[in-house]
Amino acid sequence: MQKSYIWSLPTRVFHWLFVLFILLAFLSDDETKLLNYHAIAGYAVLILLAFRAFWGFFGPKYSLFKDFPANLQSSKDFLKNIFEEKQKYVGHNPLASYVLIAMFIVAFLTVLTGIFAFGIQEGKGILGFLNTPFFKEMELFKEIHELLSTLFIALIVAHISGILVDRLLHKKHETLNSIITGYKVTDDDESIKLNIYQKVFAGIMFIFFIGFLCFNLYKPNNVLTASIYKPVDYQMQNEAFVKECASCHTLYPPNLMPKKSWELIMSDLENHFGDDASLDEELNKNILAFLVKNSSETSTMKSSWKFLNSIGDKDIIAMTKTTYWEKNHKNIPKEIFDNEKIKSKANCKACHTDIEKGLIDNENIKNLSTFK
C-alpha cells in the first residue's frame with residue numbers, strides 16, 4: 001500500500017472554508033445584533049458552493065460529481081463489505097456521496113431562503129424591495145430557512161459519524177488525515193494532478209472570495225446587507241410633534257405603536273404617565289393626525305408589525321408593556337435599567353441610538369458593557 005494524493009489544495013481549502021463559514025453562520029444565528037454578519041456568512045457559503053459546483057464538473061478526479069458512487073447497488077456492496085480492510089472507494093464512498101450531495105443542496109436552499117427572509121422580513125439585502133405590505137407578515141421563508149438549517153445540522157452529524165466509523169474500521173487508510181494533507185493510503189498509486197485551467201480557476205475564485213470578505217469588512221453596510229429604511233427627519237415632517245414630545249422624553253417613532261394606542265395617549269394627556277402634558281385642542285389634533293397617519297398599521301418595518309401584533313386589541317399605551325418588548329429584553333439584567341445613564345425602561349435612546357430617526361436596527365444598539 002502507498003500514499004496517494006487525492007484531495008487537491010483547492011478542494012481542501014474549500015472544505016475548511018465551508019466548515020468555518022457554516023460555523024460562523026450558526027454562531028451568529030441566535031443573536032439579532034449579529035444578523036448582518038449572519039447574512040455575510042451566508043453569502044460566503046453561497047460563493048463557496050458556486051466554486052464547488054464548478055469543481056464538481058470540471059475539477060480533478062474524486063472531486064467530480066460523476067465519480068461519486070451514489071447509487072443503490074454501490075451502497076449495498078459497500079455495506080456488505082464494510083468490515084473488509086481492502087477499500088474499494090478511493091474518494092467518497094457511496095454513503096458519504098449521498099450525504100455530501102444532500103449537504104450541498106440543503107446548504108444552497110438554506111442560503112436562498114435566508115436571503116428571501118432577510119429581504120421580506122428585515123427589509124435588507126438584495127431582496128429588500130420585497131418588504132412590502134403584501135409580504136410584511138409572511139414568515140414562510142424564515143420558517144423554511146430554520147427547517148433547512150435543522151436538516152443541515154442532521155446531515156453534519158451524519159457526515160461526522162461516517163468519518164468516525166471509517167476511522168474505526170479503516171484507520172490505516174488515513175481518510176480523516178487526507179482532508180488536511182491531501183494524501184490517503186491506497187492499494188495503488190491513485191494520485192491526481194491539476195491542469196493549468198483548474199489552477200487558474202481556483203486561484204481566481206480564492207482571490208474573489210478574499211476580496212468579498214475584505215469588501216464586507218471595509219464596508220459592512222453594503223448592497224448585501226443595507227436596509228431599505230433611511231433616517232427620518234421628524235422635524236421636517238411635523239415640527240409640533242418633535243417640539244412637544246421630544247422635550248420631555250425619547251421621541252418615539254409613530255410606526256412603533258398602533259392607531260388605537262396613539263388615540264388613547266392623545267385623549268388623556270392630563271394623565272400622561274404621571275405627568276400633565278395637556279395641549280390645546282388644535283395642537284393635539286395636529287399631532288394625533290400625524291401619529292395616526294404614520295402608525296404601525298401603515299409600516300412594513302418588522303418592529304412595527306411585531307408591536308402591532310403584540311398589542312392587538314388590548315389597551316396598551318407603553319411599548320415596554322408588550323410581550324414583544326419583554327421577549328426582546330428578557331435577558332437584560334434589571335440593574336442595567338437602573339443604571340444612572342438609563343434610569344428607565346422607557347429610555348429607548350440610551351441603547352437604540354437611532355430611534356429618534358425612526359430606526360431601531362439591531363447593529364446600532366449600544367453594547368450593554370457601556371452601562372456596567
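The values are calculated or read from the model by the stated rules, or taken from the named source; none is laboratory data. What you see is a predicted model; the values in this text were computed from it and never measured. FYI the Cβ positions are ideal-geometry reconstructions off the backbone, even for glycines, and counts take in every protein chain you see. When the accessible area is computed, the model is the full protein with side chains, heavy atoms only, and any ligands, DNA or RNA have been set aside. Shrake-Rupley method; radii C 1.70, N 1.55, O 1.52, S 1.80 Å.
Annotations
- Residue count for the range 121-140 under the criterion of being without any contact (Cβ under 8 Å) to a residue 60 or more places away in the chain, open to solvent by 50 Å² or more (accessible area, probe 1.4 Å) and in a helix (DSSP H, G or I): the result is 1.
- Pairs meeting the criteria (first residue in the range 286-301 and farther than 13 Å from VAL232 by Cβ, second residue among the aliphatic types (A, V, I, L, M) and surrounded by 20 or more Cβ atoms within 10 Å (Cβ to Cβ), beta carbons under 8 Å, at least 6 apart or on different chains) are LEU291/MET257; SER295/MET257; SER296/LEU256; SER296/MET257; SER296/LEU308; GLU297/LEU308.
- Taking the numbered list (1) open to solvent by 40 Å² or more (accessible area, probe 1.4 Å); (2) under 26 Å from LYS124 (Cβ atoms) in turn, ILE204 passes all entries but (2).
- Qualifying residue in the range 71-85 (condition: in contact (Cβ under 8 Å) with a residue 40 or more places away in the chain, over 27 Å from PHE212 (Cα atoms) and of a type in the set (D, E, K, R)): yes
- Residue match in the range 177-198 (condition: outside any loop (DSSP other than H, G, I, E, B), open to solvent by 60 Å² or more (accessible area, probe 1.4 Å) and among the basic types (Lys, Arg)): no
- With a requirement of 1 or more residues that are in contact with an Asp or Glu (Cβ under 9 Å, 6 or more places away or on another chain) and open to solvent by less than 50 Å² (accessible area, probe 1.4 Å), the helices (runs of 4 or more DSSP H) lying completely within the range 292-353 that satisfy it span 302-311.
- Candidates ASP280, ASP276, filtered to the one that is touching a helix residue (DSSP H, G or I) at 6+ places or on another chain (Cβ under 7 Å) and surrounded by fewer than 18 Cβ atoms within 10 Å (Cβ to Cβ): ASP276
- Qualifying positions in the range 209-246 - under 24 Å from the mean Cα position of the chain (by Cα), surrounded by 13 or more Cβ atoms within 10 Å (Cβ to Cβ) and among the aromatic types (Phe, Trp, Tyr): PHE209, PHE212, PHE215, TYR229
- Residues that are among the small types (Gly, Ala, Ser) and in contact with a His (Cβ under 6 Å, 6 or more places away or on another chain) occur at least once in the range 93-114.
- Any hit, the range 363-370, residues being touching a residue at least 40 places away in the same chain (Cβ under 8 Å) and under 22 Å from the mean Cα position of the chain (by Cα): yes
- Tally of residues being in contact with a helix residue (DSSP H, G or I) (Cβ under 6 Å, 6 or more places away or on another chain), at pLDDT 85 or above and of a type in the set (S, T, N, Q) across the range 315-372: 3
- Members of the range 53-70 that are touching a Phe, Trp or Tyr at 6+ places or on another chain (Cβ under 8 Å), hydrophobic (A, V, I, L, M, F, W, C) and touching a residue at least 24 places away in the same chain (Cβ under 8 Å): ALA53, PHE54, TRP55, PHE58, PHE65, ALA70
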